[in-house]
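Structure first, commentary second.
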Amino acid sequence: MVMVTPTTDRAAPAPHGPLPTAWAEDFDIYDPSYLADPYSVWREMRQTCPVARTERHGGGYLPSTYADITWIALHPESFSSRAGEVAGPVPEVGRELKLPPVTSDPPDHAADRRLLVPLFTKPAIARYEDLTRATANSLIDGFKDRSEVDGANEYARDIPVVVTSRMLGLPLEDTERFHEWTVRMLKEGAEDYGVRAGAVHDIHNYFTQLVASRAVAPDSGVFSYLLAMQAADPSLTDERIVGMSFLMLIAGIDTTWSALGAILWHLATHPDDRRALVADPGLIPAAVEESLRMYAPVTIGRVATEDVNIGECPVRQGERVVLAWGAANHDPEVFDQPDTFVVDRERNRHLAFGVGIHRCLGAHLAQMELRISLEEWLNRIPDFELVPGSEISWTAGNTRGPKALPLLLHL
Ligand code: HEM
């Protein structure tokens, strides 16, 4: 298939021919044309087959309307979160990777989530603002004398890893390992299940050892907080703590990295929007939300717990349903000009952070990191563009973001 440039200009998207029926009957979320331009695919699916099906990569269904995606997320009794992978065989019950609360279903989910809520309140998040700003500036200091930088791997990647490590009380000297694991698990592992299994093993071992060491030598970090809760709640086993920490590491790094890479890509390719933000930094929070709407990085799986209909489409017990939150965010039933980046969009009820009981706990943290990273970048590098001739490719699987982002800096 031909590579298509994402239709994100202010102008109306270019007309395109009918989608091959193959997309509706056999969609492929790893197809390069889907990765480059999922918006056209979702638009066509909504018009021709709003719940598409595939036998590829373990099989599954992909709903493309805001209404269906929301309805599924609001019915955890029919759509279990026990396996969030979007590809590969659906694991048997009991053999899943447990990452509470994201893989927990009711009634366990509420208790798992309640334990983590205090870590993510607005005052708790505010404690990491200075660190985020300092990290952004020291990264910029490191490359400001060069004319080119990889915005994805030399900036977007490093801010979330530092902030998440601090939040979890992890040694900063281990950040390279965290990068490597996240890449192996969510990016390379999305297509190679052996690589994914190896990363899961390594992360699991790391946290198991860390929990054991914090049990004998408590500190003021998250592990010691969770271990202290064990006294009041014996069901909070070390294994559950390891799963929660594992989740916060991967949920905190890869998502924000992808989202920040996508914003920088957008501003590098849409100079009017970049100039608008430089002229009025007060627009940055709205632009962050609009970028999350346009380029929602997360896609996550559900497993049907019973035979159930999504709209007219029957789904059988045990089958996978893929929730591409970005598809909901481009539904014209809910958003005016859904494929256009409106830098100051006012009403923006996007689903980049999901909806329902699993709505992202780290949303405030991510919004803060994205806002500050962008404020500092635009303050110091107001003028930049893609290195001419560079082709951007996007990661597949649970998260979508630019793999690399060669930027030319006009300092
Ligand atoms: C732009 C960045 C982010 C995006 C787009 C994002 C997106 C999401 C989405 C869509 C969900 C819902 C999954 C579902 O319904 O199954 C989710 C859940 C979650 N996210 Fe995020 N996330 C981001 C950043 C973060 C950060 C920085 C953290 C923390 C360090 C975090 C922690 C979590 C947790 C703990 C859950 C599970 C909540 C639950 O199951 O109750 N996320 N995220």
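The values are calculated or read from the model by the stated rules, or taken from the named source; none is laboratory data. All figures in this text were calculated on a predicted structure; none of them were measured in a lab. We place every Cβ from the backbone using ideal geometry, glycine too, and count neighbours over all the protein chains shown.
For the range 159-171, filtering for residues that are without any contact (Cβ under 8 Å) to a residue 40 or more places away in the chain and either more than 16 Å from the ligand (Cβ to nearest atom) or under 16 Å from the mean Cα position of the chain (by Cα) (or both) leaves 1.
Comparison of Ala212, Ala199, Ala156 shows that the only residue that is under 26 Å from Ile263 (Cα atoms) and either away from the ligand (no atom under 16 Å from the Cβ) or in contact (Cβ under 8 Å) with a residue 12 or more places away in the chain (or both) is Ala156. Of the residues making up the range 283-300, those that are more than 8 Å from the ligand (Cβ to nearest atom) and either of a type in the set (A, V, I, L, M) or not in a helix (DSSP H, G or I) (or both) are Leu283, Ile284, Ala286, Ala287, Val288, Met294, Tyr295, Thr299. For the range 340-368, the candidate set comprises residues that are in a helix (DSSP H, G or I) and within 7 Å of the ligand (Cβ to nearest atom); within that set, the residue that is surrounded by the fewest Cβ atoms within 10 Å (Cβ to Cβ) is Ala363.
Name the helices (runs of 4 or more DSSP H) wholly within the range 185-281 that hold at least 1 residues that are among the aromatic types (Phe, Trp, Tyr) and farther than 21 Å from Thr135 by Cβ? In the range 185-281, the matching helices (runs of 4 or more DSSP H) lie at 193-216, 222-229, 238-269.
If I filter the range 59-74 for residues that are at pLDDT below 95, more than 16 Å from the ligand (Cβ to nearest atom) and not acidic (Asp, Glu), do I get at least one hit? Among the residues of the range 59-74, at least one is at pLDDT below 95, more than 16 Å from the ligand (Cβ to nearest atom) and not acidic (Asp, Glu), which makes the answer yes. In the range 395-411, which residues are within 27 Å of Arg320 (Cβ to Cβ), touching a Phe, Trp or Tyr at 6+ places or on another chain (Cβ under 6 Å) and not in a loop (DSSP other than H, G, I, E, B)? Pro402 - this is the single residue of the range 395-411 that is within 27 Å of Arg320 (Cβ to Cβ), touching a Phe, Trp or Tyr at 6+ places or on another chain (Cβ under 6 Å) and not in a loop (DSSP other than H, G, I, E, B). Can you find a residue in the range 319-335 that is under 24 Å from Ala134 (Cα atoms), polar (S, T, N, Q) and touching a residue at least 24 places away in the same chain (Cβ under 8 Å)? So far as the range 319-335 goes, no, none of its residues is under 24 Å from Ala134 (Cα atoms), polar (S, T, N, Q) and touching a residue at least 24 places away in the same chain (Cβ under 8 Å).
Counting the residues of the range 94-109 that are assigned to a helix (DSSP H, G or I) and near the ligand (Cβ under 9 Å from one of its atoms) gives 1.
For (1) within 19 Å of Ala215 (Cβ to Cβ); (2) more than 16 Å from the ligand (Cβ to nearest atom), each residue gets a yes or a no:
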{"site": "Gln230", "(1), (2)": "yes, yes"}
{"site": "Ile263", "(1), (2)": "no, no"}
{"site": "Asp273", "(1), (2)": "no, yes"}
{"site": "Pro281", "(1), (2)": "no, yes"}
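Can you name the residue in the range 305-320 that is assigned to a loop (DSSP other than H, G, I, E, B) and under 16 Å from Pro50 (Cα atoms) and is also farthest from the chain's Cα centre (by Cα) among such residues? Step by step, filter the range 305-320, then rank; the result is Glu312.
Within the range 110-120, restricting attention to residues that are under 20 Å from the mean Cα position of the chain (by Cα) and either in a loop (DSSP other than H, G, I, E, B) or among the aliphatic types (A, V, I, L, M) (or both), which residue is farthest from Gly84 (Cα to Cα)? The residue in question is Leu119. Only one entry in Asp331, Asp336 is more than 17 Å from the chain's Cα centre (by Cα), surrounded by 15 or more Cβ atoms within 10 Å (Cβ to Cβ) and not in a strand (DSSP E or B), namely Asp331.
Could you please let me know if Ser245 is over 20 Å from Ala73 (Cβ atoms), in contact with a His (Cβ under 7 Å, 6 or more places away or on another chain), buried (at least 16 other Cβ atoms within 10 Å of the Cβ) and of a type in the set (Ser, Thr, Tyr)? Judged against the criteria, Ser245 is not a match. Note on the range 121-153: among residues that are within 13 Å of the ligand (Cβ to nearest atom) and part of a helix (DSSP H, G or I), the one that is surrounded by the fewest Cβ atoms within 10 Å (Cβ to Cβ) is Ala124.
Of all residues in the range 75-88, none are out of contact with any helix residue (DSSP H, G or I) (no Cβ under 9 Å at 6 or more places or on another chain), assigned to a helix (DSSP H, G or I) and surrounded by 18 or more Cβ atoms within 10 Å (Cβ to Cβ). Scanning the range 83-102 for residues that are more than 27 Å from Asp31 (Cβ to Cβ) and not acidic (Asp, Glu) turns up Val93, Gly94, Arg95, Lys98, Leu99, Pro100, Pro101. Every condition in (1) within 30 Å of Ala304 (Cα to Cα); (2) at pLDDT below 95 is met by Leu170 except one, and the failing one is (1).
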